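As structure tokens, the structure follows; a few thoughts come after it.
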Amino acid sequence: MKNTLSPSDSDPVQLAGEPSQGPGSRHGAAFSAGDPPQASGSHRGTADNGHHGEQQRPSTDGPSPACLREFLAKLLGGGWICLLLIALIALFWLLRPAQFGSAYNLSQIAINAAILLVLSVGQTFVIIAAGIDLSVGAVLVFSSVISAQTMLYLTGGAGTTFGTTDAGWGIIALGTLVSLLAGALWGALNGFLIAVARIPALIVTLGTFGMALGLAQIISGGVDVRAIPERLVDVIGSGDIAGIPMLVVIAVLVTLAAAAVLHLTRFGLHVFATGSNMEAVRRAGVNVRRRLVGIYMISGALAGMAAVMSNARFSTTTIGGHAMDNLSTISAVVLGGTSLFGGIGSVAGTVIGVFIPIILLNGFVILGIPPFWQTVAMGAVLILAVWIDQLKRRARERG
């Protein structure tokens, strides 16, 4: 996942400077989807290829495969994700207008997207830093179990009816804090093993995926914890503000806060710089290890936040309901324009990308397509997202 850039591609003086950048900044504006513009002479991956002075011979036999690939990459580099989203909405709306276009179904799409969005925002930080986090779904499950068990223990099981308890807001707040801390601790473990022990992120997060899920099943006995506080379910899971579901409101606030951190702070600048050229960041005096640990802690903490939202939404811990979350978040982030090679991305793009898997799965349910085809579709979407990222990267390398 690490980029092979020469230190000259990133200016250490600029990396250590103020976070506010001009229009030519690598990370662009706070809400600009797709690839940001790059300054002349800083094309990634071309600094040492030795072909700057070569003359290309014009083709007389029609467009070459390379030209076609470049054209396709440029076509996919802009607002194609919005067109794909509109096409999916139009398709399902035409096939099942009464069901898909109903106010209830659109509300369910927004609520389901809210939970995935919070997870995907954390994944955005990680992927921009040229990392990967396969543990987000399992961390969500672990945090939800720990949070639910904590609240149940503090209430002593009193008032438990139909899977809910009469816990007050103080206990709910403590349970939420426990969930956030549990997620952040898993993120800290991921970051430590990746940054300090220098174990590849793919291996580390795959390992912690199994550890977190296994511990969640051990703690819960393999059975979902259904004793979720009734106030949490009614106010957060089912409540709304001016007709907007509370879960959507929470997701919007989390997304705005994350966008501000990523695009307007020195920490966010270091996230982009780490993904672009880690060695240059290190030479600029930035503690890269600490930054990486912090990045993975953000991903873990947001998984903990999503756990609370999931408990409120389903009034249970849904241990078996988040197996595809890692694929869904990676697909959403990459479809939104964040490069798997690091250094490029935006929170706004992730917001758009989140709705692709959500609407796809929702449409499958409405059409009555068997659940196992949903897994096939998610795998295909992930491959499509990575392929498009490859095309865009090759186009950037050609200048």
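The values are calculated or read from the model by the stated rules, or taken from the named source; none is laboratory data. Here the structure is a predicted model, which means the values were calculated and not measured. We place every Cβ from the backbone using ideal geometry, glycine too, and count neighbours over all the protein chains shown.
Could you say which residue among Leu232, Leu181, Leu152, Leu189 is at pLDDT below 95 and over 23 Å from Ala113 (Cα atoms)? Testing whether each residue is at pLDDT below 95 and over 23 Å from Ala113 (Cα atoms) leaves just Leu152. Among the residues of the stretch 268-289, those that are in a helix (DSSP H, G or I), touching a residue at least 40 places away in the same chain (Cβ under 8 Å) and of a type outside the set (Gly, Ala, Ser) comprise Leu269, His270, Val271, Phe272, Thr274, Met278, Glu279, Val281, Arg283, Val288, Arg289.
With respect to Val334, determine if the residue is within 14 Å of the chain's Cα centre (by Cα) and of a type outside the set (Ser, Thr, Tyr). So Val334 passes the test.
Restricting the search to the stretch 205-235, which residues are among the β-branched types (Val, Ile, Thr) and either out of contact with any Ser or Thr (no Cβ under 8 Å at 6 or more places or on another chain) or closer than 28 Å to Met246 by Cβ (or both)? Break it down stepwise before answering.
Step one: of the stretch 205-235, the residues among the β-branched types (Val, Ile, Thr) are 205, 208, 218-219, 223, 225, 228, 233, 235.
Listed by number, the residues that qualify are Ile218, Ile219, Val223, Val225, Ile228, Val233, Val235.
If you go through the stretch 291-335 and keep only what is touching a strand residue (DSSP E or B) at 6+ places or on another chain (Cβ under 8 Å) and under 19 Å from Val252 (Cβ atoms), you end up with just Ala312.
Tell me the residue from Ile109, Ile128, Ile171, Ile89 that is among the β-branched types (Val, Ile, Thr) and more than 30 Å from Ile352 (Cα to Cα), please. Steps first, answer last, please.
Values: Ile109 fails: more than 30 Å from Ile352 (Cα to Cα); Ile128 fails: more than 30 Å from Ile352 (Cα to Cα); Ile89 fails: more than 30 Å from Ile352 (Cα to Cα).
Answer to the check: Ile171.
Residue-by-condition table, conditions (1) in a helix (DSSP H, G or I); (2) at pLDDT below 90; (3) over 16 Å from the mean Cα position of the chain (by Cα); (4) closer than 25 Å to Leu85 by Cα:
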residue	(1), (2), (3), (4)
Met297	yes, no, no, no
Gly320	no, yes, yes, no
Ala323	no, yes, no, yes
Leu327	yes, yes, no, yes
Thr338	no, no, no, yes
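For Gly168, the conditions (1) touching a helix residue (DSSP H, G or I) at 6+ places or on another chain (Cβ under 6 Å); (2) in contact (Cβ under 8 Å) with a residue 24 or more places away in the chain are fulfilled apart from (1).
Inspect the stretch 270-281 for any residue being surrounded by 21 or more Cβ atoms within 10 Å (Cβ to Cβ), of a type in the set (Ser, Thr, Tyr) and under 21 Å from the mean Cα position of the chain (by Cα) and give the result as yes or no.
Taking the stretch 270-281 as the starting set, the residues that turn out to be surrounded by 21 or more Cβ atoms within 10 Å (Cβ to Cβ) are 270-278, 280-281.
Restricting the remaining residues to those that are of a type in the set (Ser, Thr, Tyr) gives 274, 276.
Those still in the list that are under 21 Å from the mean Cα position of the chain (by Cα) too: 274, 276.
Looking for residues that are surrounded by 21 or more Cβ atoms within 10 Å (Cβ to Cβ), of a type in the set (Ser, Thr, Tyr) and under 21 Å from the mean Cα position of the chain (by Cα), one finds at least one in the stretch 270-281, hence yes.
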